[in-house]
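Engineer: What follows is a structure written as structure tokens; I'll ask about it next.
Quick note: the coordinates plus some simple rules give every number you see, no bench work behind them. None of the values given here were measured: they were computed from a predicted structure.
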């Protein structure tokens, strides 16, 4: 019996060793898997933190770009308003210039008529010396008015030129705002 007892003990010892070996193998296997899972988890957390950081950067850049865009829109609106105001002012100046030119033509026609009248009346010099003096005074007044109108025309033409330059500058600015270079 002792032989059987010994065999049973050996078998039990062998089973205990196999069980211990299995437990050690399984423990080692699970420890390795746990270590790998923990390492991958740490890498994923690091990657996630890096992505979160990049997302925050992109969000800040997007907010800055959006603010820049809004500022450009406001500036474009202001420039459009300035342009429209200058355009209206230019149209008004052109209208005033046309009216002034019409007045100048009318005044020149009046002057020509006065000169013709003066020539006709000069034949009657003896009887119309008083009328001649009045006509000369009227001619002088007309010449002063013509000089004033010519000065006004020059001033208005200069103002039109300045407004045209301003409009061109505003159009360039508007184009630059609509088509910014990278």
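Engineer: Could you work out which residue, out of 115, 153, 23, moves most in a Gaussian network model of the chain, that is, has the largest mean-square fluctuation with Cα springs under 10 Å?
Structural biologist: Top of the fluctuation ranking is 23.
Engineer: Cα convex hull of the chain: how many Å³ per residue?
Structural biologist: Enclosed volume per residue, from the Cα hull, is 108 Å³.
Engineer: If you take the C-alpha gyration tensor of the stretch 1-89, multiply each eigenvalue by 5 and take the square root, what semi-axes do you get, largest first, in whole Å?
Structural biologist: 83, 7, 4
Engineer: Please determine, in degrees from 0 to 90 and to the nearest 10, the orientation of helix 129-178 with respect to the longest principal axis defined by the Cα atoms of the chain, where the helix direction is its Cα long axis.
Structural biologist: On a 0 to 90 degree scale, this one is about 10.
Engineer: Based on DSSP H runs of at least 4 residues, each adding -39500 (n - 2.57), what is the mean residue ellipticity at 222 nm of the chain after dividing by all its residues, to the nearest 500 deg cm²/dmol?
Structural biologist: Using -39500 (n - 2.57) per qualifying helix, the result is -36000 deg cm²/dmol.
Engineer: Shifting gears a bit: Which whole-number percent gives the relative contact order of the chain, counting Cα pairs below 8 Å spaced six or more residues apart?
Structural biologist: Across the chain, relative contact order equals 32 percent.
Engineer: Still on this structure, I have one more. Note the angle between two axes, namely the Cα long axis of helix 2-122 and the longest principal axis of the Cα atoms of the chain, as a number of degrees from 0 to 90, rounded to the nearest 10.
Structural biologist: Roughly 0 degrees between the two axes.
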